[in-house]
Amino acid sequence: MSLALSVRGGDPGRLATPLLAVALPTGGVFPRVLSALDVAYAGALSRAVRNGDFKGAQDESLLVVGHGRGPARVLLVGLGDGSDAYASITRAATLAGRKGNALGVRRMAMWSEKLAGDGVEAVAFGLSRGAWDFTDYKTQPPAKERPKQLVGATVISSDPRGSRGALLRRLQQLPGNVCTPEYLARTARDIAKRHRLRVSVYGRRELKRLKMESFLAVAAGTPQDPKLIVVEYRGGRRGDAPIVLVGKGLCFDSGGISIKPALGMEMMKYDMSGAAGVLGAVEAIARLKLRVNVVGLIGSTTNMPSGTSMNPGDVVTASNGKTIEILNTDAEGRLVLADVLSFSARFKPVAIIDAATLTGACVVALGNSATGVMTNDEKLQDEVLAAAKRGGEPGWPLPMWEDYREMIKGDIADVKNIGGKGAGTITAALFLREFVPAGVPWVHLDIAGTAYSETDLVVIPKGPTGVPVRTFVEFARGRAR
Ligand code: BES
Ligand code: MN
Ligand code: ZN
């Protein structure tokens, strides 16, 4: 369910709403502009701040029930020390949206000091992120007993201009038997139709014609038709080289013949998070009508063992002519991306950013708190890191030194698809670099640890996080005219 958002001005103390979230920083001062609200609450709000019942720390919240005047309830939420205003407002709003949904109110409002422009957007984004819930497969109680869902929210702004947010976490959360490569292709077509974008979908037959042996090797074990999906948004000038966004779209990764252990294998439905990120970003960029050209590329299939699947030891030739020794069929994402990155050359990109749940090693290195970031161009990398930070999806750079390249040199082919024991995230990125069109700045985002969470992350429940949509959108926004 997505949240209908509106923006308005006015005094929150006179607002008739079942729930008003008020975001406050640490420091123990209750804002004077909220005096009408405090009076309606018989001074309970300022008292809670003064006596330390509410300190304003990050992720802190306090629910106060009213007396029949003004908002029915006030939820104080902490902003922390507010060193990064955009990020802390986003986080507080996410928590508020989540609490609002849990309380079973249909509408809520949120106020924070001097909300305008970016701040309004941060609140809008946070509220819709927090309110998001996935109940498609839960049998619902009879209508009368059903808890209400948060469907609308108002941002109270000193500068009421509109803002909106996009949601693609749903795609991530859908199970592999529903969200198939065909389903992703259909979703891309829907987005294209809504925003009048050009879309092309290539299936097994076309991939053969394009000589994508590496991509096809991964798809060899599944009867489902693999899909190379292209969505083109042209918001910039005609001749401007596009930003190309590339996403790994493995709708399920069993590991293939190098099969994964059973425990936790169900998590591999999230192996299409990079692809969901690309679709979400293209949709958001089109909605925002950013003046920039963006091409989204998705390589989608499933990785399955079967009598027709690829086997360890197989050698294939990717569409850029390089030969690959497949030593582990579970290192399949890079095999798909090798051909998709090669394919991107035809768009003559100004920059390429790919996102992939590529390596378990990245989760070991950085946990769930940072995306692994690697590049062939450090200036572009700085730009992407800044965009990621702005979007509240922090990344951290890993080195791409030549020493590591030794580890992926093939014995009988140009490269092999796994490195040695160590530096698995870096060797995977170095493998991808072999297929990036010559001279094009490129950044790789390893989102294995950040695309979804196996535990509740306070503001985000366990499950899909929506990473890397915001990074992509912020980057495109930074590049827009
Ligand atoms: N999709 C996985 C990576 C992954 C693992 C994502 C855990 C999220 C959580 C990828 O296809 C994979 O299996 N990578 C292998 C590479 C290895 C065989 C070199 C891995 O990380 O084990
Ligand atoms: Mn794998
Ligand atoms: Zn995978």
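The values are calculated or read from the model by the stated rules, or taken from the named source; none is laboratory data. Here the structure is a predicted model, which means the values were calculated and not measured. Quick reminder, even Gly has a Cβ in these numbers, built from the backbone with ideal geometry, and neighbours come from all protein chains shown. Note: accessible area is taken over every heavy atom of the protein model, side chains too, but ligands, DNA and RNA are not part of it. Shrake-Rupley method; radii C 1.70, N 1.55, O 1.52, S 1.80 Å.
Values for this structure:
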quantity: Residue selected from the range 238-259 under the condition part of a loop (DSSP other than H, G, I, E, B) and within 15 Å of ligand 2 (Cβ to nearest atom), by the criterion most open to solvent (accessible area, probe 1.4 Å); calculated: 259
quantity: Among the residues listed as 49, 39, 123, 105, the single one being in contact with a helix residue (DSSP H, G or I) (Cβ under 9 Å, 6 or more places away or on another chain) and more than 25 Å from residue 477 (Cα to Cα); calculated: 39
quantity: Residue 353 being among the aliphatic types (A, V, I, L, M) and either within 16 Å of ligand 2 (Cβ to nearest atom) or at pLDDT below 95 (or both); calculated: no
quantity: Exclusive hit being within 15 Å of residue 297 (Cα to Cα), more than 15 Å from ligand 1 (Cβ to nearest atom) and either outside the structural domain of residue 436 (by TED's automatic domain parsing) or over 24 Å from the mean Cα position of the chain (by Cα) (or both), set 239, 203; calculated: 203
quantity: Helices (runs of 4 or more DSSP H) lying entirely in the range 78-184 (those with 2 or more residues that are open to solvent by 40 Å² or more (accessible area, probe 1.4 Å), over 30 Å from residue 203 (Cβ atoms) and touching a strand residue (DSSP E or B) at 6+ places or on another chain (Cβ under 9 Å)); calculated: 85-103
quantity: Scan of the range 265-285 for residues that are away from ligand 1 (no atom under 14 Å from the Cβ) and open to solvent by 10 Å² or more (accessible area, probe 1.4 Å), ordered by number; calculated: 283, 284
quantity: The one condition in (1) among the small types (Gly, Ala, Ser); (2) open to solvent by 10 Å² or more (accessible area, probe 1.4 Å); (3) over 20 Å from residue 177 (Cβ atoms) that residue 262 fails to fulfil; calculated: (3)
quantity: Of all residues making up the range 1-21, the number that are modelled with pLDDT of 95 or more and out of contact with any helix residue (DSSP H, G or I) (no Cβ under 7 Å at 6 or more places or on another chain); calculated: 2
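Yes/no matrix, rows are residues, columns are (1) open to solvent by 50 Å² or more (accessible area, probe 1.4 Å); (2) outside any helix (DSSP H, G or I); (3) within 16 Å of ligand 3 (Cβ to nearest atom):
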| residue | (1), (2), (3) |
| --- | --- |
| 428 | no, no, yes |
| 438 | yes, yes, no |
| 444 | no, yes, yes |
| 450 | no, yes, yes |
| 456 | yes, yes, no |
| 459 | no, yes, no |
| 470 | no, no, no |
| 476 | no, no, no |
